[in-house]
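Each remark here refers to the structure printed beneath this line.
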Amino acid sequence: MKFTETKLKGAYLVEIQKIGDDRGFFGRAWCQREFEDHGLNVGIKQINTSFSREKGTLRGLHYQTDPFQEVKFVRCTQGRIFDVIVDLRPESPTFLQWDGYELSAENGRMLYVPEHFATGFLTLEDNCGMYYTTTEFYAPAAARGLRYNDPAIGIEWPGEIISISDVDRDRPDLDPGNL
């Protein structure tokens with residue numbers, strides 16, 4: 001596996017090192033030892049999947065508050081998405097900065113999203129499937145989110161947003177003291 005730290009310290013783009021031949025390829029999508037060697041949290045407690053039918057579907061930006069902060073490890077298993085992360089660590093030099101990556105079934109790239117980050121994605125084509133692990137159980141009382149178009153963050157989404165939940169669309173403006 002190849003680990004590349006993003007501009008937001010602690011977040012990694014992870015790529016499968018493919019061993020291939022004329023039949024296809026083999027590669028690891030998860031290796032506890034390699035994650036530990038990079039100092040990353042390996043305590044998976046939940047594996048989630050989602051499916052979005054339409055290009056232009058936006059999901060997120062979601063996170064959980066203490067004591068239920070979670071690491072997410074995100075992979076697109078069908079189609080293509082643009083996955084965004086936002087640094088919510090007040091002490092970080094990249095506080096409230098965002099970064100985004102295209103993840104697809106074809107490129108096989110995955111995103112390691114550390115604690116104290118929000119994440120969300122926009123589907124870039126129809127019929128997108130996602131698979132992601134978390135290091136905490138879902139805790140509804142700790143679930144929070146940021147609005148996808150909050151000017152305090154300024155995310156540049158690479159396509160038109162066609163479908164979004166009412167909850168995600170109607171989130172209030174960011175209050176950094178209330179993260």
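The values are calculated or read from the model by the stated rules, or taken from the named source; none is laboratory data. Everything quoted here is computed from the prediction, not taken from an experiment. Quick reminder, even Gly has a Cβ in these numbers, built from the backbone with ideal geometry, and neighbours come from all protein chains shown.
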Worksheet entry | Of the criteria (1) under 13 Å from L58 (Cα atoms); (2) in contact (Cβ under 8 Å) with a residue 60 or more places away in the chain, which one L96 fails | (1)
Worksheet item: Does Y63 satisfy being of a type in the set (S, T, Y), modelled with pLDDT of 95 or more, buried (at least 21 other Cβ atoms within 10 Å of the Cβ) and touching a strand residue (DSSP E or B) at 6+ places or on another chain (Cβ under 8 Å)?
Response: yes
Practice prompt. Only one of these is basic (K, R) and over 22 Å from E136 (Cβ atoms): R80, R59, R89, R75. Name it.
Written response: R80
Worksheet item: Among the residues of the range 24-39, is any loosely packed, with under 12 Cβ neighbours inside 10 Å, in contact (Cβ under 8 Å) with a residue 60 or more places away in the chain and among the charged types (D, E, K, R)?
Response: no
Worksheet item: Tally time: how many residues in the range 6-23 are exposed (fewer than 15 other Cβ atoms within 10 Å of the Cβ) and touching a residue at least 60 places away in the same chain (Cβ under 8 Å)?
Response: 3
Fill in: Of all residues in the range 50-73 being of a type in the set (S, T, N, Q) and outside any strand (DSSP E or B), the one that is nearest to the chain's Cα centre (by Cα)
Q69
Discussion item. Give all pairs with beta carbons closer than 9 Å in which a residue from the range 76-90 that is closer than 17 Å to S104 by Cβ and small (G, A, S) meets a residue that is modelled with pLDDT under 95 and part of a loop (DSSP other than H, G, I, E, B); count only pairs at least 6 apart in sequence or on separate chains.
Written reply: G79/A105
Worksheet item: Going by the conditions given, is L103 within 14 Å of the chain's Cα centre (by Cα) and surrounded by 22 or more Cβ atoms within 10 Å (Cβ to Cβ)?
Response: yes
Response to the item:
Picking from V113, V167, the residue that is of a type in the set (A, V, I, L, M, F, W, C) and under 23 Å from T77 (Cβ atoms) would be V113
Response to the item:
Picked from the range 26-41 (must be in contact with a Lys or Arg (Cβ under 9 Å, 6 or more places away or on another chain) and not small (G, A, S)), the residue nearest to M130 (Cα to Cα) is F26
Worksheet item: When only residues in the range 106-162 that are of a type in the set (G, A, S) and surrounded by fewer than 15 Cβ atoms within 10 Å (Cβ to Cβ) count, which is nearest to the chain's Cα centre (by Cα)?
Response: A143
Fill in: Restricting the range 163-179 to residues that are small (G, A, S) and modelled with pLDDT of 95 or more, the residue that is surrounded by the most Cβ atoms within 10 Å (Cβ to Cβ)
S163
Worksheet item: If we only count strands (runs of 3 or more DSSP E) wholly inside the range 77-152, which ones have 1 or more residues that are more than 22 Å from R169 (Cβ to Cβ)?
Response: 80-87, 98-104, 110-113, 128-134
Worksheet item: How many residues are among the hydroxyl-bearing types (S, T, Y) and part of a loop (DSSP other than H, G, I, E, B) if we restrict to the range 153-171?
Response: 1
Discussion item. Which of the numbered conditions does V14 fail, given that it passes all the others? Conditions: (1) of a type outside the set (D, E); (2) more than 13 Å from the chain's Cα centre (by Cα); (3) under 28 Å from L124 (Cβ atoms).
Written reply: (2)
